[in-house]
């Protein structure tokens, strides 16, 4: 079920009402049923994968917790990780090692061999939605149990809610057990403050998704489909547009997820903090997809030795972490390169940072310059994220430099106004969250803003069907 | 109800009233200032309808077949609907045209004709190929279904938000393509009437070969034959989604008191026969008979132009399009115009058919 669908707009209020009406002891059951319903709305078959991950991690973690440190305990952890990554590999990465098959040929084959055809279709064209998100979430739980950071779950059903909690199931934030589970267990009472903040978050989330991301999408699609048709400035606009499209798309999703969870009394972690105002790649990753970057920090970077190793080893660790975080996004070398670019720039910044100070104490001019530099590299890297084939990168960069096509990108004036307002609001929201930031406004000003946002959503939302970009991961 | 709930209900109630007011105001502003801009992009036929609904008495719903696609060869480039209108010079005639549209899209437009409209008669182009699997599962369908949302006679703002929320059949190209292949492979070519020699489209395509003297095969011809089989080899029945669209159109027109004409377009049967053979021609004619019989029984005036246009006058000689030269367009127009005499006998003015082009 998509957040931006009529089904969700009916589903959420029903769940909220039932949640507060039924006794606390049955709420986990309602959340589980509604989360599975939410997920099964896409493809009910894929629920088996969530159930598989849930059962494996639940049962193994309980055994892990009983064992003293040693080989057996480690073996169980490795079994859990292998099972989770195995599912991920099978459904997401195996395709890298298979010959490329055109969809038409696959359909011809599938028509004759339904079983194998179904499997190949999943591998090539319909990866289970959100598989990387919930897999990483359950893996973090088992690892935390292994290191004794959390106690193992004592109820399979309630653990299943942690794995599948619908607001953040398909595109995060990737929550930690220690943060989410106590909230899922707590007895929440409905409060006006929660509903009010949830409304604000969802309203702004919908605005950002349907008015910004979905209106930028056709322009970006045009440029990436035929960069040669446009002038270099248009190609650059399309590339920069993608940076804002993906930000608005993903941040919009997160805001709606946070709002939906807050209606149930649950606070999900922040996933974005105005990332394009970062002055370095290192800062960017503290502000972009925070739940993923902290996951890699806690479960990969630190176990690899963190910064307590020799500089050469540390550099390698950094590079590995970035490349793998790129690879997390999908089975395409383009994601690897995207991660690699970030890793490389991160390392370069560290080296250059020894000679140039662009942090807090630097002049505002230097800091602005550093921001522009970071935005430039992030935008260049986005090209690799957006393209389907590596060869396309060369075309995009060439056309961005020398393109002299005649076609012109167009955005209607109201959309240009909306995008401008979004950029201004993003700067204003630096280190602030929308719901809290406007809570101090006078009521009239707040309602004027609500009315404007609602009007924009109702009348100016993009209308080419673009599912949330991060669903595919 | 606890005090907490009461407090929430009270505060929320006031705000819900405010939000409702904002939505209603948005609706007024949208309809006044933004709706037409959206229609231009997403539902242009509705704009045309609005323009002619108070003047036109006959409306022709057409797709690409309405036009001339060979302006160099055609001395007349008038549309089929123009030719029809010449037979009724005194009757205001309107054309609503959009490439690739089919009954499923005409349906909400017809539903949008207001009760107070001057429109009396609706002519709906009926293209046989819009009932085949390739058309039903076409990649264009998602875009068309989105347009259909905007055509529905509902408050404009509601249509707009339903479009934003993708409240239509928005299957991906992959899904549609797959359904198409499954039907070609599994849907049996049979009906109660006949035991057809080929069980499925796929088997038929496989059995259709074009050997060359050197032992190889004429692959170009085979691909073309494949295309023709896929385009025409199907048994229309009640389960076909276009049939339910056409049934709905009949019902809507009955409710609105509109005269309804289904204009069945010509197909290049001569070429289909020479390429694939009489089994395909039999199927095309069988489907024609199904449609004419079904809708004649429902009181629709069905104009059967299936074999009206001679093979040589099709613009695309080697492809399944319903694009005719000036001669063909005039012929089919004459038949439609003749049928309209049922309702407008005194307004009919005979026209001469001009034939500047000849078989090559």
Residue check: is residue B:230 in contact (Cβ under 8 Å) with a residue 60 or more places away in the chain, within 14 Å of chain A (Cβ to nearest Cβ) and either surrounded by 13 or more Cβ atoms within 10 Å (Cβ to Cβ) or over 21 Å from residue B:134 (Cβ atoms) (or both)? yes
Being out of contact with any helix residue (DSSP H, G or I) (no Cβ under 8 Å at 6 or more places or on another chain) and either surrounded by fewer than 19 Cβ atoms within 10 Å (Cβ to Cβ) or at the interface with chain A (Cβ under 9 Å from one of its Cβ atoms) (or both): is that true of residue B:42 here? no
Considering only residues that are in contact (Cβ under 8 Å) with a residue 12 or more places away in the chain, more than 10 Å from chain A (Cβ to nearest Cβ) and in a loop (DSSP other than H, G, I, E, B), which ones fall in region B:141-170? B:152, B:153, B:155, B:169
Which ones in region A:381-392 are under 15 Å from residue A:244 (Cβ atoms) and in contact (Cβ under 8 Å) with a residue 60 or more places away in the chain? A:382, A:383, A:385, A:386
From (1) modelled with pLDDT of 95 or more; (2) within 14 Å of chain A (Cβ to nearest Cβ), pick out the condition that doesn't hold for residue B:56. (2)
Does residue B:270 satisfy the condition of being under 30 Å from residue B:341 (Cβ atoms), in a helix (DSSP H, G or I) and free of Cβ contacts under 8 Å to residues at least 12 places away in the same chain? no
For region A:418-473, give me each residue that is within 14 Å of another protein chain (Cβ to nearest Cβ) and under 20 Å from the mean Cα position of the chain (by Cα). A:465, A:466, A:467, A:468, A:471, A:472
For residue A:29, are the conditions met, namely being in a helix (DSSP H, G or I) and either more than 30 Å from residue B:16 (Cβ to Cβ) or in contact with a helix residue (DSSP H, G or I) (Cβ under 8 Å, 6 or more places away or on another chain) (or both)? yes
Criterion: surrounded by 24 or more Cβ atoms within 10 Å (Cβ to Cβ), within 14 Å of chain B (Cβ to nearest Cβ) and either more than 17 Å from the chain's Cα centre (by Cα) or assigned to a helix (DSSP H, G or I) (or both) - qualifying residue of A:161, A:210, A:223: A:210
Residue B:158 fails exactly one of the following numbered conditions: (1) buried (at least 17 other Cβ atoms within 10 Å of the Cβ); (2) within 30 Å of residue B:22 (Cα to Cα). What is the number of that condition? (1)
Please indicate, with yes or no, whether at least one residue in region A:166-186 is part of a loop (DSSP other than H, G, I, E, B) and either free of Cβ contacts under 8 Å to residues at least 12 places away in the same chain or not assigned by TED's automatic domain parsing to the domain that holds residue A:82 (or both). yes
When residue B:190 is run through (1) surrounded by 13 or more Cβ atoms within 10 Å (Cβ to Cβ); (2) modelled with pLDDT of 85 or more, the failure sits at (2)
Of the residues in region A:3-22, those that are free of Cβ contacts under 8 Å to residues at least 24 places away in the same chain and more than 18 Å from residue A:266 (Cβ to Cβ) come to A:5, A:6, A:9, A:10
Kindly indicate whether any position in region A:227-243 is out of contact with any helix residue (DSSP H, G or I) (no Cβ under 6 Å at 6 or more places or on another chain) and within 14 Å of chain B (Cβ to nearest Cβ). no
So, residue B:48, is that one in a helix (DSSP H, G or I), facing chain A (nearest Cβ under 9 Å), under 25 Å from the mean Cα position of the chain (by Cα) and buried (at least 16 other Cβ atoms within 10 Å of the Cβ) or not? no
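The values are calculated or read from the model by the stated rules, or taken from the named source; none is laboratory data. Small disclaimer: the values here were computed from a predicted structure and weren't measured. Every residue, glycine as well, gets a Cβ built from its backbone with ideal geometry; the counts of neighbours run over all protein chains shown.
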